[in-house]
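Remarks on the structure that follows.
The values are calculated or read from the model by the stated rules, or taken from the named source; none is laboratory data. Since this is a predicted model, take the numbers as computed values, not measurements. Every residue, glycine as well, gets a Cβ built from its backbone with ideal geometry; the counts of neighbours run over all protein chains shown. Note: accessible area is taken over every heavy atom of the protein model, side chains too, but ligands, DNA and RNA are not part of it. Shrake-Rupley method; radii C 1.70, N 1.55, O 1.52, S 1.80 Å.
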Amino acid sequence: MWVVGFTEGGAPYGLIEDEFRAADASHDGEPGWRRARFVLRELLEHSSGEPGVRAEVGHVRMIAQGMSRQAFAAEVELEPDTGHRSGPYVVLLPRSDSDDGLNERVQRELALLARLPDLRLSVGIPEVVGAYPEPRGLALVRRFVPGVELDLREGRQPGVRPCETLAQVMACIHRLEGARFADLLPGSETRREHALTALRVFDGLAGPEVGEARAWAEAHLPPVSPSVLLHGDLLGQNILLAPDAPPTVIDWEHARRGDPAYDIAIVTRGVKHPFQLQHGRERLLEEYHGNGGAPVTLGQVALHELCLVAGWYRDSLAGVGLQPPHEELARMMRILRRAQRYAD
């Protein structure tokens, strides 16, 4: 019993444990930490297959805020714990403004993370427990991964070269052919098919600058070679570093099959000096190729950078972009002028 007071005669009163748990059920509108606690308890108590397992969830804290999910972490103690499952966990809760496709992406992520450990990659993969139907959508539960996020700015983390670390991670992932994940992930059969699909973002956009950018991209398509596994969001917050351990790659929500140049463009995003380094884009590709990455050129990266910015320009014209249209259009032209100087 959780004692909340005493009668005049001195007898304690309050909620018994089962009443407390019933009152603690997850409801839409509840604080995220409370919903995360409920999800952890429900999923861990019923995922072992053993009757009578009880999960005591410690302090729940939010550790990350994404575009479609919030991440909460907590220590969990299971009793009995014959499977040695007690420890820290993370719950990825859907945000109230998440899109309708989140559930499908979570199901794919769950299946992918269950398969990747068997492939013995040289990067860490988080251990997943399962997904729980929360009021706003599927919540994914995984083991907590200790570590600090990779800072993509050169010189910010002692002993870490972000360009080299990212190149190693990308090359490792991209060595996996997309065909082996065709039963799990959406995407394209070839690199060129992915690029042609990406170029559709220009449909409906008008103006000489847009026309010039699209024409250049169409003239610099990647080869008709097999697609590879893409993470889809290899920014620093999704790469965790810990002493004496390889980097761990988390949040595979946007994984797909496609052109490896796309994963690189997600990081470089058309900025002049990626990693705050002179020729940062060139150095990334040099390290990437040195680690066995796919034969990607600067021009192929620029193609996907142009497509990304074209999407932001389209959103801005619709009134939902982060920058005004003229700024996105100017960014597109800067990427194009730089790309026109590449020798490939």
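Structure summary
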{"read-out": "Calculated [θ] (222 nm, deg cm²/dmol) that DSSP helices of n ≥ 4 give over the chain, each run adding -39,500 (n - 2.57)", "value": "-11500 deg cm²/dmol"}
{"read-out": "Accessible-area ranking of Met332, Met67, Met62, largest first, probe 1.4 Å", "value": "Met67, Met62, Met332"}
{"read-out": "Accessible area of His174 in the full protein assembly, 1.4 Å probe (Å², nearest 10)", "value": "10"}
{"read-out": "Space enclosed by the convex hull of the alpha-carbon atoms of the range 132-202, per residue, Å³", "value": "215"}
{"read-out": "Gaussian network model of the chain, Cα within-10 Å springs - most flexible of Pro133, Pro12, Pro325", "value": "Pro12"}
{"read-out": "Hypothetical label at Glu189: residues of the range 254-280 whose amide nitrogen lies under 12 Å (7 Å Cα-Cβ projection)", "value": "none"}
{"read-out": "Tilt relative to the chain, helix 162-174 - C-alpha long axis, 0 to 90 degrees, to 10", "value": "90"}
{"read-out": "Matching label, Rg and Dmax of the Cα atoms in Å computed from the structure shown, candidates (i) 23.5, 89; (ii) 19.9, 65; (iii) 20.3, 71", "value": "(i)"}
{"read-out": "Top of Glu134, Glu75, Glu30 by mean-square fluctuation, Gaussian network on the chain, Cα under 10 Å", "value": "Glu30"}
{"read-out": "Using alpha-carbon coordinates, inclination of helix 280-290 to the longest axis of the chain, degrees", "value": "80"}
{"read-out": "Between helix 32-47 and the chain: long-axis angle, C-alpha atoms, 0 to 90°, nearest 10", "value": "80"}
